[in-house]
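J.: Handing you a structure now.
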């Protein structure tokens with residue numbers, strides 16, 4: 001074929017394709033099953049953005065008649081809000097999600113770009129149903145969290161679900177079957193649940209020394225597993241503080257000697273809502289819903305009353321270190337003496353004095369921990385010592401951590417792992433007692449070592465992020481590990497050792513190899529003053545891939561100096577050597593995906609979540 005004939009052939013082919021595109025576009029425009037938009041620009045990207053904006057407007061106009069919005073609840077700044085403006089604003093929060101299902105055709109390229117975007121009306125209906133499913137997901141998570149005393153999770157999920165409820169087409173018609181299989185009208189039921197939870201919280205002062213105040217927070221008469229709150233420090237409400245296993249410590253402004261302290265329980269979680277653009281947009285559109293029971297005054301009681309609260313506080317501090325289904329060390333005196341010396345060093349901030357009790361790496365971890373934030377010991381903890389694969393684990397030392405430039409204050413249970421030379425080789429932030437008990441008391445034919453191994457792995461994993469131990473994280477990930485953040489698409493089978501984990505529906509969006517994941521993690525570590533991870537609500541099974549390999553699905557709350565999110569973590573991990581685990585699969589997703597593990601619906605604990613069977 002000569003050069004001229006080749007050029008002519010290519011030109012003819014391009015004309016044929018352009019003609020076919022034009023015919024397709026005309027057919028879509030004429031088909032009432034589709035909505036479409038067009039955009040023009042000097043670049044392909046600008047034209048596509050314009051086409052999507054045009055499509056968004058048409059979607060809003062098309063479905064506005066189907067919405068019933070309470071205009072009094074809409075926050076549109078000053079001036080009157082008309083129904084049309086309010087509804088269009090709400091509908092656009094759906095359009096942001098809908099456009100992920102949009103198809104585009106490039107009719108002409110830059111510098112005179114022309115893009116055509118279209119979507120089937122049935123896809124829009126799926127998005128409306130998807131938002132209702134998300135609300136139901138929040139309700140399920142809230143109910144489970146409330147039963148486990150995780151009041152921060154319960155309040156956040158109820159409130160976020162209530163916020164999204166306002167954006168449904170017909171909020172008052174949305175009904176949900178609770179865990180007792182009773183049908184509930186959500187516009188009435190959610191506020192009732194939130195008020196009931198807030199009314200069941202009780203905060204007391206356990207100790208008040210200088211400006212430092214120790215608080216005991218109970219839920220229905222028992223130490224709360226976790227709750228977030230703010231307090232009046234003498235002039236203003238503080239940033240968010242966290243209580244864990246009933247204990248919290250706060251600091252008032254110098255010279256403040258109040259008769260009572262005002263406490264405000266957190267339920268909105270505006271900062272964390274930024275992880276979800278749809279939720280954030282809806283929150284901006286509607287007025288926040290106030291709950292008067294969220295604010296309470298805590299009286300500085302008489303000495304006799306405070307002594308009784310202090311005893312309860314000490315009991316809470318002593319109980320966090322207990323572990324059922326674990327083998328206790330018979331003669332722990334030598335280990336206890338080492339931890340007692342470490343406690344004194346922390347109180348006096350004389351950390352170098354206890355270096356002989358540690359291995360070199362262990363002391364590096366300890367040094368990082370005490371400098372993680374302003375570290376303080378809470379109460380008089382009762383130490384417990386357990387055996388695990390030739391090591392001895394001390395549980396646990398309740399401590400509070402605060403930061404100069406941070407918006408949170410944390411309470412953590414610190415554990416110490418001694419090697420066979422009775423040197424501390426590892427320091428970790430423990431799981432909450434409720435999260436630990438979920439593993440220790442799980443009905444499964446597991447040995448005591450297996451239960452301790454799973455808990456120890458999770459504690460070391462979350463601590464590695466807090467102390468920014470990049471080398472450790474690198475060492476526990478398989479070189480061919482599947483690392484995923486996102487939603488389901490079809491991925492091509494992989495070759496190599498982990499091929500057996502990749503032969504099904506998994507994520508392609510935001511899939512990373514190990515080096516990319518670690519590079520991103522290193523940037524994150526450098527940019528944040530602190531990182532804190534909390535685990536709850538776990539589902540764990542031994543997987544049939546050889547030895548002690550486990551699939552661990554767990555709810556994760558992630559906090560850092562400038563970012564926070566909540567979602568679901570899944571790891572497939574080889575724990576044959578708990579002190580050198582090997583992660584084969586690690587996934588994270590912000591919410592349940594109804595296209596994933598849908599068999600059995602909500603009664604399936606893995607509904608909408610990645611699980612071992614997906615790999």
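Read the figures in this text as sums done on the coordinates, not as results from a lab. Please read these numbers as outputs of a predicted model, since none were measured by experiment. Glycine gets a Cβ as well: all are built from the backbone with ideal geometry, and neighbour counts include every protein chain shown.
J.: Go through 153-159, 259-265 and give me the packing order, highest mean Cβ count within 10 Å leading. Intermediate values should be presented prior to the final figure.
T.: Working: 153-159: 25.6, 259-265: 16.7.
Answer by packing, highest mean first, reads 153-159, 259-265.
J.: Given a cut-off of under 8 Å on Cα pairs at least six residues apart, what relative contact order in percent is computed for the chain? Intermediate values should be presented prior to the final figure.
T.: Working: 1143 pairs, mean separation 51.4, N = 615.
Relative contact order here is 8 percent.
J.: Would you mind getting me the FRET efficiency between residue 210 and residue 529? Use the beta-carbon distance for r and R0 = 41 Å, nearest 0.05. Show your work: numbers first, answer last.
T.: Details: r = 25 Å, r/R0 = 0.62.
According to the calculation, E is roughly 0.95.
J.: Further, regarding this structure: Output the relative contact order of the range 379-473, whole-number percent, from Cα pairs under 8 angstrom with separation of 6+ residues. Mind showing how you got there, number by number?
T.: On the way: 123 pairs, mean separation 17.8, N = 95.
Once divided by the residue count of the range 379-473, the mean separation gives 19 percent.
J.: What ranking of 579, 385 emerges when the number of other C-beta atoms within 10 Å of each C-beta is taken as an exposure proxy, fewest first?
T.: In order of increasing Cβ crowding within 10 Å: 579, 385.
J.: Residues in the range 569-612, backbone N under 18 Å from the label point at residue 123 (7 Å along the Cα-to-beta-carbon vector): list them, ranges by number please.
T.: Zone members listed by number: 594-595.
J.: So if I take the centroid of the Cα atoms in the range 183-197 and the same for the range 552-615, what is the distance between those two points in Å?
T.: The range 183-197 and the range 552-615 have Cα centres separated by 29 Å.
J.: For the chain, report the translational diffusion coefficient in µm²/s to the nearest whole number, using Stokes-Einstein at 25 °C, 0.890 mPa s, and a Kirkwood Rh over Cα pairs.
T.: Working: Rh = 27.1 Å.
Rounded, D is 91 µm²/s.
J.: Let me ask something else. Using the alpha-carbon centroid of each, what span in Å lies between the range 327-355 and the range 386-459?
T.: 16 Å
J.: Something else about it: Pull out a ≥ b ≥ c, the square roots of the eigenvalues of the alpha-carbon gyration tensor of the range 145-242, then state rounded if a/c is under 1.5, prolate if not and a/b is larger than b/c, and oblate in the remaining case. Let's see the in-between values first.
T.: Values: a/c = 3.58, a/b = 2.00, b/c = 1.79.
Verdict is prolate for the range 145-242.
J.: Please state the shape class of the range 352-433: rounded when a/c is under 1.5, otherwise prolate if a/b exceeds b/c and oblate if not, all from the C-alpha gyration tensor. Each step should come with its number before you reach the end.
T.: Details: a/c = 2.27, a/b = 1.46, b/c = 1.55.
It comes out oblate by the Cα gyration axes.
J.: Please say if the range 359-483 is rounded, prolate or oblate, where rounded means a/c under 1.5 for a ≥ b ≥ c the square roots of the C-alpha gyration tensor eigenvalues, and otherwise the choice is prolate for a/b larger than b/c and oblate otherwise?
T.: On the way: a/c = 1.40, a/b = 1.19, b/c = 1.17.
It is rounded, given that a/c, with a ≥ b ≥ c, falls under 1.5.
J.: Report, in deg cm²/dmol and to the nearest 500, the calculated mean residue ellipticity at 222 nm for the chain, where each DSSP H run with n ≥ 4 adds -39500 (n - 2.57) and the sum is divided by the residue count.
T.: On the way: 15 runs with 225 residues, N = 615.
The helix contribution divided over the chain gives -12000 deg cm²/dmol.
J.: At 7 Å along Cα-to-Cβ for each site, give me the label-to-label distance between residue 57 and residue 293 in nm.
T.: About 4.7 nm, to one decimal.
J.: To test your reading of the geometry: what angle, between 0 and 90 degrees and rounded to tens, separates the Cα axis of helix 514-527 from the longest principal axis of the chain?
T.: 70 degrees
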